[in-house]
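The values are calculated or read from the model by the stated rules, or taken from the named source; none is laboratory data. Note that this is a predicted model, so its numbers are computed, not measured. We place every Cβ from the backbone using ideal geometry, glycine too, and count neighbours over all the protein chains shown.
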Amino acid sequence: MVLLSLKPGNYSDTGRKAQISIVLSEFEIPPIQDVLLIGRRAPIGPEAVQRMIDVLSPEQYEILRVNEGPFEAVVIRNSLSQLITREKLLSIILEEGCKVASETAVLKAQVNIVLNINVEVDL
Amino acid sequence: MLKVSDVMSFPVITAGMLDSVGKVATVMEKYKIGGLPVLEKEKLCGIITSRDVRRTHPNRIVADAMSKNVVHINKDASLWEAKSIFEEKKLERLPVLDGCKLVGIITKSDILVEIGRHTDPLTGLKTGSYIRSLAEDILRNKNELTVIFFDVNGFGLINKTHGHVYGDHCLKMVGQILAENTSDGLYFPGRYAGDEFIVVTTEKKDNAGLWAKEIIKKISDTTRRKGMPVNIAAGVAGGRRKDVRAGTHLSATVDNLINLASLASTLSKQNRVPVTFSN
């Protein structure tokens, strides 16, 4: 966090003062992490998101339309579908998302998939 | 025939795919319109209505609020074709295209008002002026044109004997029978004036004469059965000139045929025969 003081001459001496605080952080590209859930009445729709990812992260995300429930569409990072089937992932995400979101919400989710593999071999 | 291009509104106020819904709402409010066609690279790709605007967040882009399956109509389509699309699809407005290019927009009320102007309120048939313009189109398209002129026998006496309300009922029945027997798209009936009816067709003169005889019999039988006997005389003209004579104006040709058919119907009355062909 950087705190800036107003230089003399830039403020009046009437007794009113302004304090400005600036938080600098890195812009996340892409800004939608792994999954984005778009509510039916959300301020941004799937077409707009499609255009955004086409420009910011081409060919990295897939938009899946949802016919029922509070969400109109789900955006999923392509690499996730390589680890788990898209249908399975979608059903888990929708089930959890529906518990916390409304039609007006846009939720982003971080999804970590860890594969545990145990292999037995004959010695 | 009246075409969509005769009554459409243009130029059209449109929305872009990336416009915000909030901006579209302002445009609709400003111009008092309930829907905007949506264009992308000058191509029609959707339509956004006030209903879409009401149920969508104003921050959304039009692409996320519009209906993508746009029903549209060609500028050369007839008003009746447009009317049936409005009724079938339950729509309020249709974008009008010339090929792929948006050239206008037409609303349901535009169509109903215009059709109302060309519909006879008593019989529900088209007006004589409409049938006249239809006849001109038939000639313009180099089709055969036959005009049949129907005249109710002794209608003045019917009015004097039974009253004008009774007379109106008789005319309604004649109109109804004509409408019921012309749904095949070959014959186009209208009320010419008073107790006179006109039918134009692309059928040849002889076929048209046979059809007229059948109609006269149906009118006679039906009205007698309903206790309001009405007899009709008809005159038939045309059906012989496939091409308009060089130098002759279309409307003059149509006027001539109507006149000949009218005179022939007078001869039918005088000679007490159902149908007379004009020479």
For B:Ser133, indicate whether it is surrounded by 16 or more Cβ atoms within 10 Å (Cβ to Cβ), of a type in the set (Ser, Thr, Tyr) and at pLDDT below 90.
-> yes
Considering residues of segment A:67-96 that are of a type in the set (A, V, I, L, M) and within 14 Å of chain B (Cβ to nearest Cβ) only, the residue farthest from B:Arg60 (Cα to Cα) | A:Val75
Of all residues in segment B:61-92, which are in contact with a Gly (Cβ under 6 Å, 6 or more places away or on another chain) and buried (at least 21 other Cβ atoms within 10 Å of the Cβ)?
-> B:Asp64, B:Met66
Taking B:Ile111 as the residue in question, decide whether it is farther than 30 Å from B:Ala234 by Cβ and in contact with a Leu (Cβ under 7 Å, 6 or more places away or on another chain).
-> yes
Mind telling me which of the residues A:Glu62, A:Glu47 ends up being acidic (Asp, Glu), touching a helix residue (DSSP H, G or I) at 6+ places or on another chain (Cβ under 7 Å) and not in a strand (DSSP E or B)?
-> A:Glu47
Residues of segment A:89-104 satisfying the condition of being exposed (fewer than 14 other Cβ atoms within 10 Å of the Cβ) and assigned to a helix (DSSP H, G or I) | A:Ser91, A:Ile92, A:Glu95, A:Glu96, A:Cys98, A:Lys99, A:Val100
Per the list (1) surrounded by 18 or more Cβ atoms within 10 Å (Cβ to Cβ); (2) not in a helix (DSSP H, G or I), residue check on B:Gly124 breaks on (1)
Every listed condition ((1) without any contact (Cβ under 8 Å) to a residue 60 or more places away in the chain; (2) touching a Gly at 6+ places or on another chain (Cβ under 7 Å); (3) in a loop (DSSP other than H, G, I, E, B)) holds for A:Asn118 save (2)
Of the residues in segment B:159-204, those that are of a type in the set (S, T, N, Q), without any contact (Cβ under 8 Å) to a residue 60 or more places away in the chain and outside any strand (DSSP E or B) come to B:Asn159, B:Thr161, B:Gln176, B:Asn181, B:Thr182, B:Ser183
